[in-house]
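Visitor: Quick one: structure below, then a few questions.
The values are calculated or read from the model by the stated rules, or taken from the named source; none is laboratory data. The structure displayed is predicted, hence computed values, not measured ones. Note that we place each Cβ from the backbone using ideal geometry, even for glycine, and neighbour counts take in every protein chain shown.
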Amino acid sequence: MRLHNKVTLITGSGSGIGKSTAQLFAREGATVVVNDLAEDKGQETAEEIRRAGGNALFVQADVTNPESVQALVDTVIAKYGRIDVLFNNAGISGVGAIHEVEPEAWDRVMTVNIRGTFLPCKYVLPHMMQRKEGSIINMSSCIAEIGLARRASYSATKGAVLALTKSMQVDYAPYNIRVNALLPGTILTPFVENYLRNSYDNPEEAYESLKKRQLSGDLGRPDDVAQAALFLASDESKFMMGSPLYIDGGVVFG
Ligand code: NAD
């Protein structure tokens, strides 16, 4: 088992990529702390893992709220004594070119995607620093590297997360903590289904054109990203530090 006895915390793991990763980590022997803003989805993920014989605990928290994140981390430390892996996965989409985006909508995307990465790191890092061990995985996106139409706020956040990852790696390498980023292409999750439904008059046509953008000929699936997260979480990636890992069906380099 590749994560035997590891304590892992995955934000936003009630759905999509986070949920698949929680399930995979549990199958690989990890204790999985499922976090989500949505109580029902988070509980369901943890219950499914336990029914399948895995070890999971759901802790509701809002990654944008310092008290909420501090309480989440305190709960995990009180129960398990440590956090080996933090996967900052929670995120929301933002649609529109700059002139179309309302300031409040801009701020919401910044808050969830950037502050929501900063806060779990802030409260988990002291525990990892004390033990001189840990792996942090930040969810960026291939949109940090390529321009896509009407995704201004979202692309700005994912570029910021990639830059943050590199900066963090320099600060925490002396503590034997690795910090890497995942850059998925388009992955078929509720996040993308909502985006297609809300942004296009003809979502099916938009889906077909998204598929054509991939060298792979199809969109990715949550497990494609979960497998990459597993690699970054495990000691197999011990020489990866501050790196972007692309899981994009060839979109960036194709
Ligand atoms: P999803 O919508 O299926 O899951 C995201 C989860 O995050 C939801 O369960 C949601 O409740 C939770 N969440 C949102 N705000 C939160 C908050 N404040 N506190 C705690 N939890 C919160 O989305 P997904 O497609 O699985 O995306 C997961 C991550 O992957 C996001 O960061 C997204 O930007 C990134 N990503 C997705 C794709 C894609 O194509 N799906 C591509 C690149 C990057």
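Visitor: Considering only the range 228-254, state which residues are exposed (fewer than 13 other Cβ atoms within 10 Å of the Cβ) and closer than 25 Å to Leu24 by Cβ.
Guide: Hits for the range 228-254 are Asp235, Glu236, Lys238, Phe239.
Visitor: Here are some residues: Glu100, Glu133. Which one is over 22 Å from Leu164 (Cα atoms) and among the acidic types (Asp, Glu)?
Guide: Going through Glu100, Glu133 in turn, the sole match is Glu100.
Visitor: Can you tell me which residue is surrounded by the fewest Cβ atoms within 10 Å (Cβ to Cβ) among those in the range 150-208 that are over 18 Å from the mean Cα position of the chain (by Cα) and not in a helix (DSSP H, G or I)?
Guide: Asp201
Visitor: While we're here: Please state which one of Val179, Val251 is within 22 Å of Asn89 (Cβ to Cβ), among the hydrophobic types (A, V, I, L, M, F, W, C) and within 11 Å of the ligand (Cβ to nearest atom).
Guide: Within the list Val179, Val251, the selection yields Val251.
Visitor: Output the qualifying pairs, or none if there are none: Cβ atoms under 7 angstrom, residues six or more apart or on different chains, first residue in the range 210-234 and without any contact (Cβ under 8 Å) to a residue 24 or more places away in the chain, second residue part of a loop (DSSP other than H, G, I, E, B).
Guide: Lys211/Gly217; Lys211/Asp218; Lys211/Leu219
Visitor: Now a separate question. Take the residues of the range 17-43 that are within 6 Å of the ligand (Cβ to nearest atom) and over 18 Å from Ala233 (Cα atoms): which is surrounded by the most Cβ atoms within 10 Å (Cβ to Cβ)?
Guide: Ranking the candidates gives Asp36 first.
Visitor: Sticking with this one: Using the structure shown, decide if Ala97 is surrounded by fewer than 15 Cβ atoms within 10 Å (Cβ to Cβ), touching a residue at least 40 places away in the same chain (Cβ under 8 Å), at negative phi and in contact with a Lys or Arg (Cβ under 9 Å, 6 or more places away or on another chain).
Guide: Taking the combined requirement at face value, the residue satisfies it.
Visitor: Same structure, new question: Tell me yes or no: at least one residue of the range 117-131 is in contact with a helix residue (DSSP H, G or I) (Cβ under 9 Å, 6 or more places away or on another chain) and in contact (Cβ under 8 Å) with a residue 60 or more places away in the chain.
Guide: So far as the range 117-131 goes, yes, one or more of its residues are in contact with a helix residue (DSSP H, G or I) (Cβ under 9 Å, 6 or more places away or on another chain) and in contact (Cβ under 8 Å) with a residue 60 or more places away in the chain.
Visitor: Then there's this: Mind telling me which of the residues Gly94, Gly147, Gly116 ends up being within 21 Å of Ile17 (Cα to Cα) and either part of a loop (DSSP other than H, G, I, E, B) or modelled with pLDDT under 95 (or both)?
Guide: Step by step, each of Gly94, Gly147, Gly116 is checked, and only Gly94 is within 21 Å of Ile17 (Cα to Cα) and either part of a loop (DSSP other than H, G, I, E, B) or modelled with pLDDT under 95 (or both).
Visitor: Also, I was wondering about something else. Tally time: how many residues in the range 60-81 are surrounded by fewer than 22 Cβ atoms within 10 Å (Cβ to Cβ), at negative phi and assigned to a loop (DSSP other than H, G, I, E, B)?
Guide: The number of residues fulfilling the criteria is 3.
Visitor: Is it the case, given these coordinates, that Lys211 is within 13 Å of the ligand (Cβ to nearest atom), crowded, with 20+ Cβ neighbours inside 10 Å, among the basic types (Lys, Arg) and not in a loop (DSSP other than H, G, I, E, B)?
Guide: no
Visitor: Another question about this same structure. Does Asp74 qualify as being near the ligand (Cβ under 9 Å from one of its atoms), among the acidic types (Asp, Glu) and either modelled with pLDDT of 95 or more or over 15 Å from the mean Cα position of the chain (by Cα) (or both)?
Guide: No.
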